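Peer 1: Have a look at the structure that comes next, please.
Taken together, the values in this text are just the output of simple stated rules run on the coordinates, not laboratory data. On a predicted model such as this, the values are computed, not experimentally measured, just so you know. Here Cβ is always computed from backbone atoms with ideal geometry, including for glycine, and neighbour counts include all displayed protein chains.
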Amino acid sequence: MSFVEFAQLFVEFAQSFVEFAQSFVEFAQSFVEFAQSFVEFAQSFVEFAQSFVEFAQSFVEFAQSFVEFG
């Protein structure tokens, strides 16, 4: 193998490595976007759970006042 052939193989390897690195960066960006969406979903779920607890507490208070009134 001549030096030129070796250099050409090395360039091809380097190009493949760059393409792999670019794909990895794109994957990482997608993963970050997914993680952000998941966090937003989790926050929404927590807010929903808190609202549900507040509703349940109000319902219990209503039921107690209904019993006291009855």
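Peer 1: Of (1) 16, 40, 29, 12, 3; (2) 16, 17, 14, 13, 12, 10, 7, 5, 4, 2, 0; (3) 18, 33, 19, 10, 11, 7, 3, which is the value of P(r) over Cα pairs in 10 Å bins from 0, in percent derived from the coordinates here?
Peer 2: Calculated P(r) over Cα pairs in 10 Å bins from 0, in percent: the matching label is (2).
Peer 1: Which value, in debye to the nearest 20, describes the size of the charge dipole of the chain about its Cα centre when Lys and Arg Cβ atoms bear +1, Asp and Glu Cβ atoms bear -1, and nothing else is charged?
Peer 2: Around 100 debye, computed over the chain.
Peer 1: For n ≥ 4 DSSP H runs only, could you compute -39500 (n - 2.57) per run for the chain, divide by its residues and tell me the 222 nm figure to the nearest 500?
Peer 2: So the calculated ellipticity at 222 nm is -36500 deg cm²/dmol.
Peer 1: For helix 3-69, what angle does its Cα long axis make with the longest principal axis of the chain, in degrees from 0 to 90 and rounded to 10?
Peer 2: Relative to the chain, helix 3-69 is tipped by roughly 0 degrees.
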